[in-house]
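Below is one structure, written out as structure tokens; comments come after it.
The values are calculated or read from the model by the stated rules, or taken from the named source; none is laboratory data. Since this is a predicted model, take the numbers as computed values, not measurements. Methodologically, a virtual Cβ is constructed for each residue, glycine included, from the backbone with ideal geometry; neighbour enumeration extends over all protein chains shown.
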Amino acid sequence: MERFAGTFGRWLMTPVILVLIAIGLYYFLRHIGWKHRQAMGFSLISPWVIGFLIFTAFPLVYSLFLSFTDYNLFNKPNWVGLSNYKWLFTKDIEFWKSVKLTLSYAAITLPIGVIGSLLVAMLLNKKIKGVGIFRTIYYLPAVLPEVAVALLWRLFFNSESGLLNYMLQPILKLFNLGKPDWFGDARFVLPAFAIMSIWGIFGTNTVVFLAALQGVPRSLYEVADLDGASAFKKFWNITVPQISPIILLQIIMGMIGALQVFTVAMFVRPTSAAGKFLNQLIYERGFTQLHMGEASAIAWVLFIIILALSLLVFKTTPAWVYYESEGMN
């Protein structure tokens, strides 16, 4: 019990200190002329601001600093300038294979995730008996532990006793083909991860689309029925424009998630001949090889890739995203 007394005491002291800071900040702001509501509001959000500065802003800025250093976690960071970035772009073979694998995975899985979850949501939006049960079942992937799911996928793709190869056995025998080594053969790694991405269709993505579909005014469909519009025309001219902001959200979040894939890849452990995902490479360089400077540089390259692709998507939004408030102006 004595071993945990110090930790427990610090855990109790943290909220007390945050409350005292908030109270002190309130009286300071009142002293310099702020109104009661302004001072109270800023004081109430001060614990979040402190947490953001300590646990988000500072690590972000510090990682940028480390990307220009040679640091192994034990010695002081040694400033090397752009050497880490030059090494990545000119001599590091693993880096470019990781970029290719990560971008290829995102390009394949993003359309599958967005289109697939939208189609499933449209099915769950139908008024049929027992639809509530189906909605619950389709949401289950969102609450399952990612590690457990990764281990199940590894068993599913096992080259000798996996369920997938068992189901494919009649087709493989028909063409006289051997069992695919999904994670041991570099040719099959990306297709295997693409198949696993289908799991992402269900869960939160489907629920978000379902909520968006239920928010589309029924009167629009009634008018379209009176005009004799087909089901496809109603989908393309009513449903898609009405839920286009949600489609944008799903594209951005899906793209970020695909580019940051980590847990499944770490537990599945595909052959290194296919390359590593960028987050895998960051982890291995930083915490296995203790090249924290290189890991930070790779992390910032990944950040720039995500930022650039996100800005590119936002640049296209005037052409296809419809906001009702803008249409009324």
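A few remarks follow.
- Set Leu151, Leu118, Leu144: member being closer than 30 Å to Phe303 by Cβ and assigned to a loop (DSSP other than H, G, I, E, B): Leu144
- Of the helices (runs of 4 or more DSSP H) lying entirely inside region 223-329, those containing at least 1 residues that are at pLDDT 90 or above, farther than 23 Å from Pro145 by Cα and among the acidic types (Asp, Glu) span 292-320.
- Note on region 195-211: residues that are free of Cβ contacts under 8 Å to residues at least 40 places away in the same chain and either in a loop (DSSP other than H, G, I, E, B) or under 21 Å from Ala106 (Cα atoms) (or both) amount to 1.
- Residue, surrounded by the most Cβ atoms within 10 Å (Cβ to Cβ), within region 232-282, restricted to residues that are among the aromatic types (Phe, Trp, Tyr) and within 14 Å of the chain's Cα centre (by Cα): Phe277
- Of the residues making up region 10-34, those that are assigned to a helix (DSSP H, G or I), exposed (fewer than 10 other Cβ atoms within 10 Å of the Cβ) and of a type in the set (Gly, Ala, Ser) number 0.
- Just one of the listed residues (Thr239, Thr263, Thr271) is among the polar types (S, T, N, Q) and touching a Phe, Trp or Tyr at 6+ places or on another chain (Cβ under 7 Å), and it is Thr271.
- Leu103 satisfies every condition listed in (1) at pLDDT below 95; (2) in a helix (DSSP H, G or I); (3) surrounded by 11 or more Cβ atoms within 10 Å (Cβ to Cβ) except (1).
- Region 41-60 residues that are part of a helix (DSSP H, G or I), paired with ones that are of a type in the set (Asp, Glu) (beta carbon under 7 Å, 6 or more apart): none
- Screening Trp87 on (1) in a helix (DSSP H, G or I); (2) without any contact (Cβ under 8 Å) to a residue 12 or more places away in the chain shows it passes everything except condition (2).
- Which listed residue is over 30 Å from Glu94 (Cα atoms) and in contact with a Ser or Thr (Cβ under 7 Å, 6 or more places away or on another chain), from Phe175, Phe209, Phe232: Phe209
- Which listed residue, of Gly293, Gly254, is in contact with a Gly (Cβ under 8 Å, 6 or more places away or on another chain) and in contact (Cβ under 8 Å) with a residue 40 or more places away in the chain: Gly254
- Number of positions in region 37-64 that are surrounded by 14 or more Cβ atoms within 10 Å (Cβ to Cβ) and over 18 Å from Ile21 (Cβ atoms): 2
- Only residues that are surrounded by fewer than 18 Cβ atoms within 10 Å (Cβ to Cβ) and assigned to a loop (DSSP other than H, G, I, E, B) were counted in region 155-172, giving 4.
- Within region 287-329, restricting attention to residues that are under 18 Å from Gly81 (Cα atoms) and within 22 Å of the chain's Cα centre (by Cα), the residue that is surrounded by the fewest Cβ atoms within 10 Å (Cβ to Cβ) is Trp300.
- Selection over region 116-130 of residues that are surrounded by 13 or more Cβ atoms within 10 Å (Cβ to Cβ) and either aromatic (Phe, Trp, Tyr) or over 12 Å from Leu213 (Cβ atoms) (or both) gives a count of 1.
- Residue count for region 61-70 satisfying the condition of being in contact (Cβ under 8 Å) with a residue 12 or more places away in the chain and in a helix (DSSP H, G or I): 4.
- Selection within region 173-194 - without any contact (Cβ under 8 Å) to a residue 12 or more places away in the chain and either within 20 Å of Gly113 (Cβ to Cβ) or surrounded by 14 or more Cβ atoms within 10 Å (Cβ to Cβ) (or both): Phe188, Pro191
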